Amino acid sequence: MKRLGLAALSASAIAYMWGSSKTSLFGLAPSALLAIFAVLLVVMCVLSSEKLRLTQSYWSILLVSTALILWALVVYTINGLGVPRRVFQMILALAISFAVYFLTDRMSKIWWLTGVLIFGAAVSALIGVGQFFRGGIFIDIWQRVQNPTEGAVRLVLGKQVAGLAAHTVMFSYHLAATLPLAIAVFLRAHNRRFVFRRITLLAAIVLIAAALVFTGIRAAVGGAVIGGVFALILVKYKSRGWWRHIVFASLVGLLLYVMIGRIYNPTRFLTMTDVSARVRLPMQATAIVYALHNPLGTGVYQLSSSEVDVDLDDPSLTELVFMHTPHNQFLNVLVYYGFPGFALLVLFYSILLKTLFITWRIACHSSTEDSRYIVAGLAGAMLGYLVNSMFHNAGPFVGDVFHWYFIGLVFSLHTILTHEVKRKILDQVMPNV
């Protein structure tokens, strides 16, 4: 049953990357249906007396996440908004992280799901590269797989590719997280002399990196570069000449970003003088003022003229501020769920990042050398995602389910390595037992 659950979970991860906006049974997308099926199989395993190991850190993340979802429900109820789809989306996302945590109980399963995420991103990236260079058939494939909005279609026709994702921005989220992960897995294959894996992973990295550039989303490109460099630093830390790797990786990352900007789109990537860049600070300043007027949250973001506390000479910028949410996942949570929700989100990420740090420390002394690579990849993925989410709307509690697969992997890996350390200590204390 666990194998079937892992297969369904893997299929749901790919479906979230390839067709999350198409609905089918009960008005749900195939990705959601597959995820629900995987979660139900996990529940059946637990009820059939399957041993369940929950670390304190995962208990903490479950409690904080549940508290934020419940608070969101209170905010929606108080403001007369009923129970919107987003609440069910958050519940399913948390259940997905639990399914990942439960089903990836061995390193081999963690590597499997990691490979699935990279494969899904690479195929979507291949379609994205095709949309940039060929258009036509690759855009038709995307429209058949997804049900894109007019705005999403305009972006793709304007050479900001979407791959197989519902929107260019969501596509950038997928790629910014999977690129650092793919780099770390490639380094592991390189050290193990897996020739075929090296070639396929290198091809995946090139496809993902190219598609990421062709999204035109500078925060995602910057986030992926930072995440990739960080993953390399963690892999090479304290190895021979490790500080040279840090300097080299940082310089290469900076050089790559500048080269991308110079060759591809200097206005977007280097000068930052386009409307999209100039409106970011006014959006975020307005969101803070809005939150001060509504400290407990409103569930929706509805500005009034008194809350736009910014002096904008360009009327078009003022219009954009009124039309859009803050484009920052933390500020989105702040305006939707108030300061209580914001505090819970900060606590959520502090637990997540602390767990990653502890897991990396354990991996550095683990007998399983491969664990260091996967921890580095997941840390880079989290950093790439987090940087991108500072300039766009999606987040784990704001409409994005995909990120929870990575969150589940972090805590699953932490549990595996923690139990390995405990077994070592027990063997040293009682060697004959």
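The values are calculated or read from the model by the stated rules, or taken from the named source; none is laboratory data. For clarity, every value in this text was computed on a predicted model and none was experimentally measured. So basically every Cβ, Gly included, is an ideal-geometry build from the backbone, and we count neighbours across all protein chains shown. Accessible surface is based on the protein model in full, side chains and every heavy atom, while ligands, DNA and RNA are left aside. Shrake-Rupley method; radii C 1.70, N 1.55, O 1.52, S 1.80 Å.
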Each label point is 7 Å from the Cα along the Cα-to-Cβ direction; what then is the distance between the points at E150 and N79, in nm? 2.6 nm
Given H placed on each backbone N at 1.01 Å, which residues far from G395 in sequence or on other chains put an amide H within less than 5 Å of it? D400
Burial order of peptide ranges 151-162, 77-88, 95-106 (average beta-carbon count within 10 Å, highest first): 95-106, 151-162, 77-88
Could you work out how far apart the two model spin labels at R197 and V346 are, taking each label as a point 7 Å from the Cα in the direction of the beta carbon, and quote it in nm? 4.1 nm
Taking Cα atoms only, Rg over Rh for the range 348-410 with Rh from the Kirkwood formula is 1.02
Stretch gain in nm, segment L255-L292, where the contour uses 0.36 nm per residue and the Cα spacing is subtracted: 9.3 nm
Roughly how compact is the range 72-160, stated as its Cα Rg over 2.2 N^0.38 Å to two decimals? 1.55
Suppose each label sits 7 Å from its Cα in the direction of the beta carbon; what would the V247-H324 distance come out to in nanometres? 4.0 nm
Provide the solvent-accessible area of I205, counting protein heavy atoms only and rolling a 1.4 Å probe, rounded to the nearest 10 Å². 30 Å²
What are the ³J(HN,Hα) couplings of the range 400-412, residue after residue, when phi is run through the Karplus curve with 6.51, -1.76, 1.60 and θ = phi - 60°? Round to Hz, x for glycine and proline. 10, 8, 4, 4, 6, 5, 5, 4, x, 5, 4, 6, 5
Computed on Cα atoms, Rg of the range 334-379 relative to 2.2 N^0.38 Å comes out at 1.59
Whole-number D in µm² s⁻¹ for the range 7-141, Kirkwood Cα-pair radius fed into Stokes-Einstein, 25 °C, 0.890 mPa s: 143 µm²/s
Additional length obtainable on full extension of the chain from Q56 to L40, 0.36 nm per residue less Cα span: 3.4 nm
With R₀ set to 45 angstrom, the calculated FRET efficiency between the beta-carbons of D370 and S304, to the nearest 0.05, is 0.25
Whole-Hz couplings from phi, Karplus 6.51/-1.76/1.60, listed for the range 6-11; x for Gly and Pro: 5, 5, 5, 5, 4, 5
